[in-house]
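Working notes for the structure below.
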Amino acid sequence: MTGPGGPPGRVDGPAKAAGTAPYPSDFRYPDLAHAVLVRATVAAGRIRRIRTGEAARAPGVLAVVTHTTMPDLRTPPRLLGILPHPPANLGSGEIRHHGQYVAMVVADTLHQAVAAAEAIDVEYAAERPVLDRADPRARTRETLATVRRGHLGTGFTSADVTVGGTYTTAANTHAPIGPFTTTAVWDGDRVTVHDSTQNPAEVRRAVAAMFGIPRENVRVVAPFVGGSFGAGSRVWPHVALAVHAARLVGRPVRLALTRPQMFTGVGHRAATEQRVRLGATLDGRLTAIEHRTHRYGAVGDAEIEPVALVSATSYACPNVDARDERTRVHLPPSCAMRAPGDAQGNFALESAMDELAATLGMDPVELRLRNHADVHPNTGMPWTSRALAECYRVGAERFGWSARDPEPRSARDGHDLVGWGMAGAAFPDSRFACAMSVTLYADGTARAATSTTEIGTGTATVMTRVVARLLGLPVERVTFGFGDTGMPAAPGVGASATTASLCAAAEEACGRLVRELLALAATDPESPLRGARPGDVATSGGRIHLRGDPSAGETYTAILRRHHREHHTVEASSRTPWNVLAHHGGNLVAGRLGAPARAAFRAGRARMPSGACGAHFVEVRVDADLGVVRVCRVVTAVDGGRILDAAGARSQITGAVVGGVGMALMEETRFEPGDGRIANATLTDYLVPVHADVPDIDVAFVGGPDPAHPLGVKGVGEVGLVGVAAAVANAVHHATGIRVRRLPITPERLLGTPRRTNARAAVP
Ligand code: MOS
């Protein structure tokens, strides 16, 4: 396998451009009925009475379902044994958040269902919701994730300087363009589900568990999803409702969420409040990091998303105390979104690092180099690979960082204040067990398949290329099948782990395929490969040949034909490595994953996979009077291990940077203080970057293959978002002298924040 190369286009591009790539709402069935959901208009309490008579009698209505008629579904098992699915709706009359589903109407047409749903009248025994941790009724404060290293007190005592403060990140909503849709079709006791999911295998497992049917009776077919950003990583209540509706009316049923329902029904990134304090010596060495995060969770939900733990793994600091706390409130369940945890935690840590650099009068890059984690800080284990210092160097050079005058407000361009800021980034290494089948046909083509979905990340393209290279076939002769649980099981798409997981499976499966075909040839007296062993051969040009003598070999076609076979299929699986989640999530819940991970480290088994890391350099222009911030230039350098598809990887990082700009400047899900209703649940009101907001983004890949992975890859997705918000905030400080510790950085927040040198700085 070599580096980047091959045709640039996406294999699914033509189908998407032609409109033939099937999204969950594109599957057609005769007799399709439509389900529509009614949502609670209060945030807490109970349903006192619900009048459905008029709706039930409305034209075309097939069924009306409420908490009194909805059967109890079983609770599905946790994803990976850790992550619960969100609580079911409609099962009881209890209301836990504004927008919770309280009724469902199924009708012949969508318009009939909508009209009938409007006729449903719900009377609530409303209670005053708990929406704030300051509320004395908010008692369920839980400590989620904790890492303690060294002794914080000692660390601060030996510090010459301390900086820090409270950093807040807003609630954000995933807002994929494609509204989530579930289409369910029963045939006897078997059901087919088309769902906007990142994890078809998990939908299958959850539906089987909830409805008490064997897993084999559930087929999930979901090849394309119109964006997701994490929202499709849980199995949401509407999925079960659609499946129930289809069984109830005995017809295929489609349930498409509306845009407002996309805000309450498929998660959001919970707001955080983070207290960060750094201690350092005058020469810029960190002596202490304290990082305390508070976030909200939903009543009845136990979603996990470690935020403060970035402070445990980012720098070589001997004394660290990082912990997360959560208070359950009457808000909708949250869900992993675009670099979950790291995105928020990094903003606080990397902002504080910038404040430290300013306090010490040290260049921000130099400060980070002085605290570079040469080994994994929690375990002392060496990294498998980590080109972070190279990312700083390459990024700074491409940006022209050395020309920066460190003085805030030192650069002006007409009416604009110009600022340059930077931040480091990392995203933990993950890889999950994956099964894959590979078939070689006698006509010299091949097809690989696994049940993953394509949420827009380019998986189909990179996997087609990887399989082609592993088999030594031209890309045009390889197809990649995905999005159907009839295929070997893939892990969920997410955690920037998909390419690594699928490539490990491809390597297993293709390796086995070549070995099995070689075994056929090697015992064949006519074959130039007779007697050859797996280690003796390589593949290229549609042939298996001797490594030392490429002319000695034969085509797959010749081998298969001679043995009268139309095709040969293998299925193989990669495993979840022992150290998955170890770098970061190994500390996920100290008593849970932490102990086994630590035991494995003590056994001295391996080096620590660093995951992807990188650095962002950002130029902003701030309107001096209006406080409007524009990001006008970004240079991002990423160590993503071996880059298999340069265009696809660059596109991933570019998209992630855009997501980071949204988080930095625009995105904020606003919950009304009184009842938790989302005030801006439309794409008009919930701002995301549009084309005109997207700057010139220069992406550079540095580093090389990571030996922890059979093909050397790391995930290149979310790492591109981590750090953008801090780099923007740091650039805003450089431009204006104003340190905004609250995201998003809106004009009113910028103008409303007093200019001060560096708060809480104490230089003796
Ligand atoms: Mo994700 S937030 O789907 O890795």
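Under the convention that each Lys and Arg Cβ holds +1 and each Asp and Glu Cβ holds -1, the size of the dipole of the chain around its Cα centre is about 1400 debye. Within the chain, the proportion of C-alpha pairs whose separation exceeds 48 Å stands at 21%. Adding -39500 (n - 2.57) for every DSSP H run of four residues or longer, then dividing by how many residues the chain holds, sets the calculated 222 nm ellipticity at -7500 deg cm²/dmol.
Taking only the C-alpha atoms of the range 289-418, the Rg (one decimal) and the largest Cα-Cα distance, Dmax (whole number), read 18.2, 54 Å.
As a rough footprinting exposure proxy, the listed residues LYS16, LYS714 were ranked by other beta carbons within 10 Å of their own, and the order from fewest upward is LYS16, LYS714.
Using square roots of five times the C-alpha gyration tensor eigenvalues, list the equivalent-ellipsoid semi-axes of the range 36-124 in whole Å, biggest first. Semi-axes from the Cα gyration tensor: 25, 16, 11 Å. Computed over every Cα-Cα pair of the range 334-373 and binned at 5 Å starting from 0, the pair-distance distribution P(r) comes out as 6, 22, 23, 19, 13, 9, 6, 3 percent. Between the range 65-114 and the range 411-445, what's the alpha-carbon centroid distance in Å? About 35 Å separates the Cα centre of the range 65-114 from the one of the range 411-445. For the range 509-548, the orientation-averaged shadow of the C-alpha convex hull comes to 2.7 nm² (one quarter of the hull surface). Here the extension length gained between GLU566 and ASP31 equals 188.7 nm, from 0.36 nm per residue of separation less the Cα-Cα distance. By other beta-carbon atoms within 10 Å, ranking SER351, SER437, SER385 with the fewest at the front produces SER437, SER385, SER351. For the pair THR157 and HIS415, what calculated FRET efficiency results from E = 1/(1 + (r/R0)^6), where r is the Cβ-Cβ distance and R0 = 60 Å, to the nearest 0.05? Plugging the Cβ-Cβ distance into 1/(1 + (r/R0)^6) gives 0.80.
Each part reduced to its alpha carbon centroid, the range 664-743 and the range 536-572 end up 47 Å apart.
Given R0 = 56 Å, the distance between the Cβ atoms of ARG749 and SER92 translates into a calculated FRET efficiency of 0.90. Can you compute the modelled spin-label distance between GLU118 and SER573, with each label point 7 Å from Cα toward Cβ, in nm? Those two pseudo-labels are separated by 5.1 nm.
In terms of Cα atoms, the Rg and Dmax of the range 132-205 work out to 23.8, 72 Å. Whole-Hz Karplus values for the range 714-722 come out as 10, x, 10, x, 5, 4, x, 8, 4 Hz, taken residue by residue from phi with 6.51 cos²θ - 1.76 cosθ + 1.60 and θ = phi - 60°; glycine and proline positions read x. Modelled spin labels at THR281 and ARG630, positioned 7 Å past Cα toward Cβ, are 4.5 nm from each other. Ordering of 368-378, 200-210 by packing is 200-210, 368-378, highest average first (other Cβ atoms within 10 Å, averaged per residue).
Once you reduce the range 507-535 and the range 484-505 to the center of their Cα atoms, the two points are 27 Å from each other. Applying 0.36 nm per residue to the separation of ALA126 and ALA433 and subtracting their alpha-carbon distance, the gain on full extension is 105.9 nm.
Radius of gyration (Cα atoms) of the range 72-122, expressed as a multiple of 2.2 N^0.38 Å: 1.51.
Normalised Debye scattering of the range 352-497 at q = 0.14, 0.16, 0.17 Å⁻¹ gives log10 I(q)/I(0) of -0.86, -0.93, -0.98, counting only Cα atoms as equal scatterers and leaving out solvent.
Only bridges with both residues in the range 250-402 count here: give the DSSP antiparallel percent, nearest 5. Around 50 percent of the beta bridges assigned by DSSP in the range 250-402 are antiparallel ones. Counting only DSSP beta bridges with both residues in the chain, what percent are antiparallel, rounded to the nearest 5? Taking every DSSP beta bridge within the chain, about 80 percent pair in antiparallel fashion.
Rounded to two decimals, the Cα-based Rg/Rh of the range 169-276, with Kirkwood Rh, is 1.04.
Dimensions of the range 223-297 from C-alpha coordinates, computed as largest minus smallest value along each principal axis and given longest first, are 72, 26, 19 Å. In sequence order, the range 679-691 has phi-based couplings of 7, 10, 8, 9, 6, 7, 9, 8, 7, 10, x, 9, 3 Hz under the Karplus curve 6.51 cos²θ - 1.76 cosθ + 1.60, θ = phi - 60°, and Gly or Pro positions carry x. Protection proxy ranking for 248-259, 20-31, using the average of other Cβ atoms within 10 Å per residue and placing the highest first: 248-259, 20-31.
Read-outs throughout are calculated quantities, based only on the coordinates presented, and are distinct from any laboratory measurement. As the structure is a prediction and not an experimental result, all values here were calculated from the model. Here Cβ is always computed from backbone atoms with ideal geometry, including for glycine, and neighbour counts include all displayed protein chains.
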